[in-house]
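Peer 1: Okay, handing you the structure first.
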Amino acid sequence: MRLKIHQKLFFALTFAATGLCIAGNAQAGAQKEEALSASVRSMMQRAVSDQAAPKLAFSSQQEAQLWLDEMSQRLAKRMPDAEYRFDFLSTVHYEATRAGLDPHLVLGLIEVESGFRKYAVSKSGARGYMQVMPFWTKALGANDQNLFHLRTNLRFGCTILRHYLDQEKGNLYRALGRYNGSLGKPEYPNLVKAAWHKHWTKPQHDTVRKTS
């Protein structure tokens, strides 16, 4: 029996569920530490310190329910716990949309970066779903932040990718290269794009409903 949207939203807002993903080595690279201008640092600090209650950016409750149901089905094998899966998807959608990113792109990036493992750690020390390097918490004055925490990891990851997109003037290929620490090499951007378009494209029913 599927959860109703208001029941699911309760879990999303409380963040009460815990992940079932196990720790393991991630295959991704790592962002490179760099000097940030005062304005960029200030912008990113404001972004990662956001404490607003997450909410889904859909035009209707029905649209949100359809998206959550379909994406949840796609993710079920990787995240068996339905409540946590909803919590995860709700947070991805909120943090990606808030950063001006396509949530489906972010899901593709997470697939490549960590294989949806909450406690994944790369050889270079990158952590969590979006494989955020620990130096970011120091750089943004957030040393007390736990990068294995669901929303913290996704907030930092989306903020960092947004920063690289801005830095590269919207060039996704180069921004993804910076995110992975492999700028100029095609392998990582191609992997993310392949995962995005193969597994995490926008649900078809959204297009069908809008044109019918």
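Peer 1: Restricted to the stretch 47-89, and to residues that are touching a Lys or Arg at 6+ places or on another chain (Cβ under 6 Å) and either in a helix (DSSP H, G or I) or hydroxyl-bearing (Ser, Thr, Tyr) (or both), which residue is surrounded by the most Cβ atoms within 10 Å (Cβ to Cβ)?
Peer 2: Looking at the filtered set, the residue picked out is PHE86.
Peer 1: If you don't mind, another one. Looking at HIS205, HIS199 in this structure, which one is within 30 Å of SER59 (Cβ to Cβ), modelled with pLDDT of 90 or more and either aliphatic (A, V, I, L, M) or touching a helix residue (DSSP H, G or I) at 6+ places or on another chain (Cβ under 9 Å) (or both)?
Peer 2: After ruling out the rest, the residue left standing is HIS199.
Peer 1: Restricting attention to the stretch 99-108, does a residue exist that is under 13 Å from the mean Cα position of the chain (by Cα) and modelled with pLDDT under 95?
Peer 2: Checked against the condition, which is being under 13 Å from the mean Cα position of the chain (by Cα) and modelled with pLDDT under 95, the stretch 99-108 yields at least one hit.
Peer 1: Scan the stretch 166-193 for residues that are of a type outside the set (S, T, N, Q), out of contact with any Gly (no Cβ under 7 Å at 6 or more places or on another chain), in a loop (DSSP other than H, G, I, E, B) and within 18 Å of VAL40 (Cβ to Cβ) and report the count.
Peer 2: Matching residues across the stretch 166-193 total 3.
Peer 1: Considering only residues of the stretch 90-120 that are under 14 Å from LYS193 (Cβ atoms) and either touching a strand residue (DSSP E or B) at 6+ places or on another chain (Cβ under 7 Å) or acidic (Asp, Glu) (or both), which is surrounded by the most Cβ atoms within 10 Å (Cβ to Cβ)?
Peer 2: The extreme case among them is GLU113.
The values are calculated or read from the model by the stated rules, or taken from the named source; none is laboratory data. Keep in mind that what you see is a predicted model, and the values were worked out from it rather than measured. Please note: Cβ atoms are built from the backbone with ideal geometry, for glycine as well, and neighbour counts cover all protein chains shown.
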